[in-house]
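K.L.:
Can you read through this structure? Questions will come right after.
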Amino acid sequence: MMLFVRMPKERVAVLIGHDGKVKKQIEKLASVKINVESKSGDVAISFKGNDTNFKALAARDIVKAIARGFSPNRAMCLFDDDNYLELLDVRDYAGKSHKHNRRIRARLIGTKGKTRHLIEELSGAEMSIYGNTVGLIGDVHSLDAAKRATQMLLEGSEHSAVYRFLEGRRREMKFMEMGMQ
């Protein structure tokens, strides 16, 4: 069986890593074979058996995450079965205007990365903005908070409203953690 991912050519080197270390690490941890076509950016992930196993799907998501701007170290947390990858397309909110796209990406990043950093810190999810895509990695609760905050910014909400939302969600998550113990 095989899974396929297409990635930007400039991210292929990140997937392969120095001396092939990143690719080999993914192959070893997921028990898969990764074939990368450097010129086209096509990646084929092959695995044994007819049933798609969790590790093969995690390997595919890791390749997608690296393709969408995450570092290999940040993407590797997808091997934890509690973490998920979510991709949002900025063009769904901004249309096809390059100028509008650039402005919305700048709103997501913020001055010196402040907004992106606060979304990550308050939600507990990892965030990457690459091209026209916003990538989020986290567990169910942190991913939900980060996704909603990102959508609020994409829809034009003020930064202060998004920060208040995230602070409220953070309090809720802390109460949930305390209640579970």
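K.L.:
Has the stretch 133-142 got at least one residue that is in a helix (DSSP H, G or I), in contact (Cβ under 8 Å) with a residue 12 or more places away in the chain and surrounded by fewer than 19 Cβ atoms within 10 Å (Cβ to Cβ)?
P.N.:
Scanning the stretch 133-142, I find at least one residue that is in a helix (DSSP H, G or I), in contact (Cβ under 8 Å) with a residue 12 or more places away in the chain and surrounded by fewer than 19 Cβ atoms within 10 Å (Cβ to Cβ), so the answer is yes.
K.L.:
Now, a different point. Could you tell me how many of the residues in the stretch 65-77 are within 11 Å of ILE26 (Cα to Cα) and aliphatic (A, V, I, L, M)?
P.N.:
2
K.L.:
Only residues that are closer than 18 Å to ALA125 by Cβ and either outside the structural domain of ALA94 (by TED's automatic domain parsing) or touching a helix residue (DSSP H, G or I) at 6+ places or on another chain (Cβ under 9 Å) (or both): list them for the stretch 158-175, please.
P.N.:
Matches in the stretch 158-175: HIS159, VAL162, TYR163, PHE165, LEU166, GLU167, ARG169, ARG170, GLU172, MET173.
K.L.:
For the stretch 1-120, list the helices (runs of 4 or more DSSP H) that sit wholly inside it and hold at least 3 residues that are on the phi < 0 side of the Ramachandran plot, of a type in the set (Lys, Arg) and without any contact (Cβ under 8 Å) to a residue 24 or more places away in the chain; which are they?
P.N.:
Qualifying helices (runs of 4 or more DSSP H): 21-30, 98-109.
The values are calculated or read from the model by the stated rules, or taken from the named source; none is laboratory data. Everything numeric in this text was worked out from a predicted model, so none of it was measured. Quick reminder, even Gly has a Cβ in these numbers, built from the backbone with ideal geometry, and neighbours come from all protein chains shown.
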